[in-house]
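> Can you read through this structure? Questions will come right after.
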Amino acid sequence: MITFPVQQRHWAHALLRIVLVNALIWGLICLFGAQSSYLDAALQGKPRPYLSYLSRWVVGHIPIALFSTGVYALFARHPRWLGQARQLVVAYLLLALAYLPLECLYYAAAYVLRMDAAFSTARWWEVLLASNNYSWFFQLAWMSGAYVTIVAICSWRQSTRLQLDLQEQRLQALRGQLEPHFIFNALNAISALVRAGDKPVALSGISRLSELLRYALASSERDTVSVAQELDFIRGYLSLQELRYGEKLQWRIGGEAQVRDGDCPPLLLQPLVENAVKHGLERHGGSGDIVLEFERMGERMRIRLSNRVSADEDAAPAAGLGIGLRNTAARLQLAYGDGASLRTHHDGQRFQVEIEMPFYLEAAA
């Protein structure tokens, strides 16, 4: 049995896809072109069967269809050439030198076969020599247009792919910053319970932490999770913090029913909730009141997270808290572009973070 390396199999599949896509595109061009020729002839009172027009369109476009398929495959195989002007010019000249003579030979042969009952080499040569300069110019322009179009499409696809790869790398970097940060703070909560000597509560905290870590690891492999899943995680995180702070930590979630079936980036809210806990409890040692509210506005969703702060507290986030806000804003920008926003507000009594983002139904698993 013959086996092929994975890279060769991948290239074979890509080549097959290129051939099929080009065949489809040029097939549609021939179908609509033949329809146009048929209607023009009908208006002039000289209609012929539609298939006769279609056959002429197909025969006339076989060379350019093969050319475009070959050029597309060439740049798919050597994408680095797209960024090198010299390579593009050299490829164009070599393709022109190879393609134009073959195209002229093909069209001369097709003309002889269409006009004469039998093929004759002498007749073929006669038709070829009778080709005028306009015919050569038209074929060169047709070939050049196809070449430039394919280069533009391939360059656009490569640029889009690079941008997506860059965004994915940035998202992975942001997640890489988020997950260790979350684990560190969760372990801090457990260590505080252990130091307090409350072993049963500490064991309960470890159990809850394992559930949170399981979700964090599973969701890190996905681009989005449901809002319901994210809220279950937030409840688990706040419950873990309750073991540490007790009744000093008060929280509630409102408007959940409106958005449970939507989706959002994983671990989107955890840094904000963590900020609210630190901002509302650790900085001034008083009680904390965290309110998380959701509102659906047609195809958009608004999330408000607020926490109580002391009246004399500076409006600016404490050192370290701004990292979570910047991280969340960066993730929203990468995921939704200008379609999402993050704003903060401080009125002297409460610090509020407001997110507006598109509301998309969770994709079926």
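Computed from the coordinates by the stated procedures, all read-outs in this text should not be read as laboratory data. None of the values given here were measured: they were computed from a predicted structure. Cβ placement follows ideal geometry from the backbone for every residue including glycine, while neighbour counts extend to all protein chains displayed.
> Which of the peptides 214-226, 100-112 is most tightly packed, and how do the rest follow, going by the mean number of other Cβ atoms within 10 Å of each residue? Mind dumping the intermediate values first?
On the way: 214-226: 14.8, 100-112: 16.3.
Packing proxy ranking, top to bottom: 100-112, 214-226.
> Pop out the ³J(HN,Hα) list for region 228-233 in order, Karplus 6.51 cos²θ - 1.76 cosθ + 1.60 with θ = phi - 60°, rounded to Hz; leave Gly and Pro as x.
4, 5, 5, 6, 4, 5
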